[in-house]
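Student: First the structure, which I've put down as structure tokens, then a few questions once you've had a look.
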Amino acid sequence: MKTVIQFPDRTRIEQEAATWIARLDRGSLDADEQRALRTWLAADRAHRDALSHMAQVWGNLDCMGILAELFPERHEPTPARKPWQPWASAGGLGLAAVVMLAVGLQLGGLFDRFRVDSDMTPSHKMPSELVYRTERGEQIDIQLADGSTLSLNTLSEARIHFETGLRTVYLTYGEAHFDVASDPQRPFVVQAGQGHVRAVGTAFNVRLRDEQVVEVLVSEGVVEVVAEAATEPVSSDEPETAPTVMLEQGGSAIYTTSITHSEALPNTKVEQRLAWRRGKWLFEGETLAEVLDEVSRYTDREIVIADPELSGLRIGGYFDIGDVDGLMKALELGFGVETVYRGEALWLQASGGRSRDLEEG
């Protein structure tokens, strides 16, 4: 019999630790949350290590005080613990753990996915800049210190910079959805490409297709899209002279150094564009070439269209993101496409040599 060792999912643990720190940052936990935190900490030593690490990343001692209140030291006649001794037992966090969280251990490096720039100083109960990124095929949700939610799609990076009077996110590359907590005194600005998107309390999606082309889609509320933005954040009282467009729910715009396209989309199109947030690919008549271009964002598997006639084949369907095998099976069963393995690559050709009889539109 083989012994199977289950290794912890580091990405999931880091995300859970970040969520707990964000909850603590907002204030006291209720009774259910306290029990959930105790259970989570007791489940795995990796959870406690991740929370300690994340506390250092967050740079906020306020939540340490909340932990000290939630898990006070038990005054029992036991020998004093040394800072490097094991964490408290499953019954609670214990003062030693609080001390470890508060003063930190000399641990090497910070999370690649949650990096703090060393020359920044803390403000608004969080480091001035945090960086979140995803690898190919990965998606994460992050609750920001102001209560907003950032959802990062595959191959994306966002830098969070909050300060007095302004909340700024720099989308370096990729795609992100923002569910913004309302704060009229601090607008929420997403800098992407040669422009930015400004909101107060709303929800919208931003995709940076390359270094210049940016797509914006509003799923709730109203946002202002500004092209030719400066590289520095736009202050809340600075007059706007650059090309702008106001988008309401369902509104979409594309900009480079100017607004190149703007339209109101039907709900079906909005749902399709945001299907990634539910972990889905939703295709409604895109060409096979367009479908494979989208699929390539989520997988390293090489997929080649061997028959040029197949490129214009229209595809419709609903698939789990990353399920390349399921997509290939659907192409074989419903679209007359045959998949052939050549090494690690998948080659697509018309089944039965019927490439010229395929439906083009």
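Student: Tell me whether the range 291-300 contains one or more residues that are surrounded by 13 or more Cβ atoms within 10 Å (Cβ to Cβ), in contact with a strand residue (DSSP E or B) (Cβ under 6 Å, 6 or more places away or on another chain) and not basic (Lys, Arg).
Tutor: Our first condition is that a residue be surrounded by 13 or more Cβ atoms within 10 Å (Cβ to Cβ); within the range 291-300, this holds for 291-292, 294-299.
Cutting the leftovers down to in contact with a strand residue (DSSP E or B) (Cβ under 6 Å, 6 or more places away or on another chain) gives us 291-292.
From the residues that got through so far, the ones that are not basic (Lys, Arg) too are 291-292.
Yes: one or more hits.
Student: Have a look at Glu211, Glu232, Glu215, Glu240 and point out the one that is under 28 Å from Thr149 (Cβ atoms), at pLDDT 95 or above and outside the structural domain of Gly352 (by TED's automatic domain parsing).
Tutor: Numbers: Glu211 fails: at pLDDT 95 or above; Glu232 fails: at pLDDT 95 or above; Glu240 fails: at pLDDT 95 or above.
Testing whether each residue is under 28 Å from Thr149 (Cβ atoms), at pLDDT 95 or above and outside the structural domain of Gly352 (by TED's automatic domain parsing) leaves just Glu215.
Student: Moving on. For the range 178-201, name all the residues that are surrounded by fewer than 21 Cβ atoms within 10 Å (Cβ to Cβ) and either within 17 Å of the chain's Cα centre (by Cα) or without any contact (Cβ under 8 Å) to a residue 12 or more places away in the chain (or both).
Tutor: Answer for the range 178-201, where residues must be surrounded by fewer than 21 Cβ atoms within 10 Å (Cβ to Cβ) and either within 17 Å of the chain's Cα centre (by Cα) or without any contact (Cβ under 8 Å) to a residue 12 or more places away in the chain (or both): Asp179, Ala181.
Student: Could you list, in sequence order, all residues of the range 307-329 that are crowded, with 18+ Cβ neighbours inside 10 Å and more than 22 Å from Glu138 (Cα to Cα)?
Tutor: Once the filter is applied, which keeps residues that are crowded, with 18+ Cβ neighbours inside 10 Å and more than 22 Å from Glu138 (Cα to Cα), the range 307-329 yields Asp307, Leu310, Leu313, Ile315.
Student: Separate question: Every residue in the range 130-155 that is over 23 Å from Gly201 (Cα atoms) and either without any contact (Cβ under 8 Å) to a residue 40 or more places away in the chain or assigned to a strand (DSSP E or B) (or both), please.
Tutor: Listed by number, the residues that qualify are Arg133, Glu135.
Student: Whether any residue in the range 117-128 is of a type in the set (Val, Ile, Thr), assigned to a loop (DSSP other than H, G, I, E, B), at pLDDT 95 or above and not assigned by TED's automatic domain parsing to the domain that holds Leu51 is what I want to check.
Tutor: No; the residues of the range 117-128 include none that is of a type in the set (Val, Ile, Thr), assigned to a loop (DSSP other than H, G, I, E, B), at pLDDT 95 or above and not assigned by TED's automatic domain parsing to the domain that holds Leu51.
Student: Kindly evaluate Leu171 against the criterion of being modelled with pLDDT of 95 or more and in the same structural domain as Glu228 (by TED's automatic domain parsing).
Tutor: Yes, satisfied.
Student: For Thr257, work out the one condition from (1) modelled with pLDDT under 95; (2) closer than 20 Å to Arg167 by Cα it doesn't fulfil.
Tutor: (2)
Student: Considering (1) at pLDDT below 75; (2) in contact with a strand residue (DSSP E or B) (Cβ under 7 Å, 6 or more places away or on another chain), say which one Ala18 fails and leave the rest.
Tutor: Just one mismatch for Ala18, condition (1).
Student: Related question: May I ask you to list pairs of residues, at least six apart or on different chains, whose Cβ atoms are under 6 Å apart, with the first in the range 37-64 being at pLDDT 75 or above and the second being charged (D, E, K, R) and surrounded by fewer than 22 Cβ atoms within 10 Å (Cβ to Cβ)?
Tutor: Qualifying pairs under 6 Å: Leu41/Arg48; Ala50/Glu14.
Student: Among the aliphatic types (A, V, I, L, M), in the same structural domain as Thr202 (by TED's automatic domain parsing) and at pLDDT 95 or above, is that true of Ala289?
Tutor: No.
Student: Turning to a different aspect of this structure: Please work out if Glu224 is within 19 Å of Arg167 (Cα to Cα), in a strand (DSSP E or B) and either in contact (Cβ under 8 Å) with a residue 12 or more places away in the chain or in contact with a Pro (Cβ under 8 Å, 6 or more places away or on another chain) (or both).
Tutor: yes
The values are calculated or read from the model by the stated rules, or taken from the named source; none is laboratory data. Not measured: the values here are computed from a predicted model. Using ideal geometry, Cβ is built from the backbone for each residue, glycine included, and neighbour counts are taken over all protein chains shown.
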